[in-house]
Amino acid sequence: MKGSKMHKFLRAAGFGDLLTETDVHEFLKNEVIKPENLRTIVENGEGSRESEYVLSAADDLGLCAVVLSFPDGTQEIEYYYPYFRSGQYSSEEPCCLERHTGQETYAGLIDEYKLGISLIFYVQFSLAYKRYLRLQPPADFKGTTLTAFANEGVVLLPISRAAESEASFAMRKNEEERLREAAMQGDQDAIETLTASDIKSYNEAADRIKSEDLYSVVEQSLMPSGIECDQYSVIGEIMNVEEATNRFTGEELWQLGLTCNEVSFKLCMRKKDLLGEPLCGRRVKARIWLLGDVDLRRPV
């Protein structure tokens, strides 16, 4: 997580003044890597160890740095990243963790059937998982909390929906969930019903797009974007709006609770990078970097 990708999302967390690698390392040494910020230690054997330091810059937001210490007393900053946490589970589907190639960090993967895709995200505070592996075999986990950073976004107006009673909406959603679960178990009738429903929805969208704006047809979406597996293009509905300030830089931030196809997560970005006024019920269109926390107390 060094280089251009890191600097890009440092800005989203309000650390836009740290423009060069040298600036970042000086800030880490002076502000982050302190005894009072030490969170987790993992012994690697042969006298070396990894230490995780966490610096809070606002509620649930800050910088994390992992330092590799050698037997001769020297230290090296192994990696660092901005973190953003949420207290609400985003998914109850099983999540597996895989180590990144060439670096002691991890990616999480969830087969989220509500979205129709596999969600891949950057695992925050992964030293806790490394310590878990010292005592337990690898496992999948339930209870994943998702958050995201973005460097630019646009507020979209909500779509006017046809009137539908709350009871009717709940019944329709329950039936859809029942069919999905049955299809995952191999029920052929459920698979055919869902396929027919998807074809009908596709044809309706194809007809509407001829005369309507794209963002009135596509209400919500979450699709992979670019070559980075943990970056997505999202259109999500705003469920709540919070304001925050990075106490080191004074940058004003939006922290938005979004929902996309029944998957909820929190998005953080600078106020100056969001075009429009975020209000509950409106939507946000942005390209995001997806992060997450896995509940290690809940192995599958």
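Observations on the model:
- Members of the stretch 1-45 that are at pLDDT below 90, aliphatic (A, V, I, L, M) and not in a helix (DSSP H, G or I): MET1, LEU18, LEU19
- Selection within the stretch 46-56: residues that are assigned to a strand (DSSP E or B) and open to solvent by less than 60 Å² (accessible area, probe 1.4 Å). The member of this set that is nearest to THR245 (Cα to Cα) is SER56.
- Unique residue being in contact with a strand residue (DSSP E or B) (Cβ under 8 Å, 6 or more places away or on another chain) and open to solvent by less than 70 Å² (accessible area, probe 1.4 Å) when the list is GLU76, GLU93, GLU43: GLU93
- Reported count of residues in the stretch 225-251, each being within 24 Å of LEU63 (Cα to Cα), within 14 Å of the chain's Cα centre (by Cα) and part of a loop (DSSP other than H, G, I, E, B), is 3.
- Of residues in the stretch 271-300 being basic (Lys, Arg) and open to solvent by 30 Å² or more (accessible area, probe 1.4 Å), the one farthest from GLN220 (Cα to Cα): ARG297
- ARG39 vs. criteria within 16 Å of ASN246 (Cα to Cα) and under 27 Å from the mean Cα position of the chain (by Cα): no
- The set of residues from the stretch 96-116 being open to solvent by less than 60 Å² (accessible area, probe 1.4 Å), free of Cβ contacts under 8 Å to residues at least 24 places away in the same chain and not aromatic (Phe, Trp, Tyr) comprises HIS100, LEU109.
The values are calculated or read from the model by the stated rules, or taken from the named source; none is laboratory data. Small disclaimer: the values here were computed from a predicted structure and weren't measured. Neighbour counts are summed over all protein chains in view; Cβ atoms, including those assigned to glycine, are modelled from backbone coordinates with ideal geometry. Remember, those area values only see protein heavy atoms, side chains included, never the ligands or the DNA or RNA. Shrake-Rupley method; radii C 1.70, N 1.55, O 1.52, S 1.80 Å.
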